[in-house]
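Student: Could you have a look at this structure, given as structure tokens, before my questions?
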Amino acid sequence: LYLNAQSILSKTNDLNATVCDIKPDLILITESWCNSNISNNLLKLNGYNIINELRCDRFDTSNGIGGGLLVFSKERLDILAYDKTNDFNQYVNFKISTSNSYVNIVLVYRPPNCNRDNCDKLIDLVKNAPSNTIFVGDFNLPKIDWNNFSCNNDSKSIDFLNACLDNNFSQFVDFPTHSHNNILDLVLCNDD
């Protein structure tokens, strides 16, 4: 389950109801808007763990507003958090063991006002992703037309789109995820 929460504290009851209904193995949340004053106990979901290494509060905004990442997993899942090799401002990455391999998952929040340097770091994440990688999150790149693999004169969007295409990433969200009819929340994978 992926959720762009825009404050998880205001949606915990709805999240609990959804989780009880669909019972996902993973819950990936962007824009948690959490900060150090919000303990994991306030965010607890029955049958799920919050992986501390995969909770990334945003410290460069007032009270974490406008970002933050949070990963919940079913208690039985074998989650391997791994070290960040890139200092892109908002991402967490981990591996899930499967019966004969693993899947790499990268949860991303790219702020709308992301500067060029930070955008380049996100592009490096895509370029250096190993096989079996899934990127999920709020990329805030409204100028990309994922149906036609094109974008309007925006160098950050063009460079990101080209990095995805050059590194064999497919984008799977085919409906608007924002009120302006844009696809801002993406699921990218380099293995269909």
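The values are calculated or read from the model by the stated rules, or taken from the named source; none is laboratory data. Remember, predicted model here, so these are calculated numbers, not experimental data. So basically every Cβ, Gly included, is an ideal-geometry build from the backbone, and we count neighbours across all protein chains shown. SASA here: full protein model, heavy atoms, side chains in, ligands and nucleic acids out. Shrake-Rupley method; radii C 1.70, N 1.55, O 1.52, S 1.80 Å.
Student: Ala17 fails exactly one of the following numbered conditions: (1) within 23 Å of Asn113 (Cβ to Cβ); (2) part of a helix (DSSP H, G or I); (3) among the small types (Gly, Ala, Ser). What is the number of that condition?
Tutor: If we test Ala17 against (1) within 23 Å of Asn113 (Cβ to Cβ); (2) part of a helix (DSSP H, G or I); (3) among the small types (Gly, Ala, Ser), just (1) comes out false.
Student: Kindly establish whether Ser32 is in contact (Cβ under 8 Å) with a residue 24 or more places away in the chain, closer than 19 Å to Asn16 by Cα, within 15 Å of the chain's Cα centre (by Cα) and part of a strand (DSSP E or B). So that I can check it myself, show each step before the final result.
Tutor: Working: in contact (Cβ under 8 Å) with a residue 24 or more places away in the chain: yes; closer than 19 Å to Asn16 by Cα: yes; within 15 Å of the chain's Cα centre (by Cα): yes; part of a strand (DSSP E or B): no.
When the stated conditions are applied, Ser32 does not pass them.
Student: For segment 84-192, please list each of the strands (runs of 3 or more DSSP E) lying entirely inside it that holds at least 1 residues being of a type in the set (Ser, Thr, Tyr) and either without any contact (Cβ under 8 Å) to a residue 60 or more places away in the chain or open to solvent by less than 30 Å² (accessible area, probe 1.4 Å) (or both).
Tutor: Correct list: 91-97, 102-109, 133-138.
Student: Among residues belonging to segment 19-62 that are crowded, with 18+ Cβ neighbours inside 10 Å and among the aromatic types (Phe, Trp, Tyr), point out the one that is nearest to Val108 (Cα to Cα).
Tutor: My answer is Trp33.
Student: Anything in segment 4-18 that is over 21 Å from Phe94 (Cα atoms) and either surrounded by 13 or more Cβ atoms within 10 Å (Cβ to Cβ) or aliphatic (A, V, I, L, M) (or both)? List them, or say none.
Tutor: Answer for segment 4-18, where residues must be over 21 Å from Phe94 (Cα atoms) and either surrounded by 13 or more Cβ atoms within 10 Å (Cβ to Cβ) or aliphatic (A, V, I, L, M) (or both): Gln6, Ser7, Ile8, Leu9, Lys11, Thr12, Leu15, Asn16, Ala17, Thr18.
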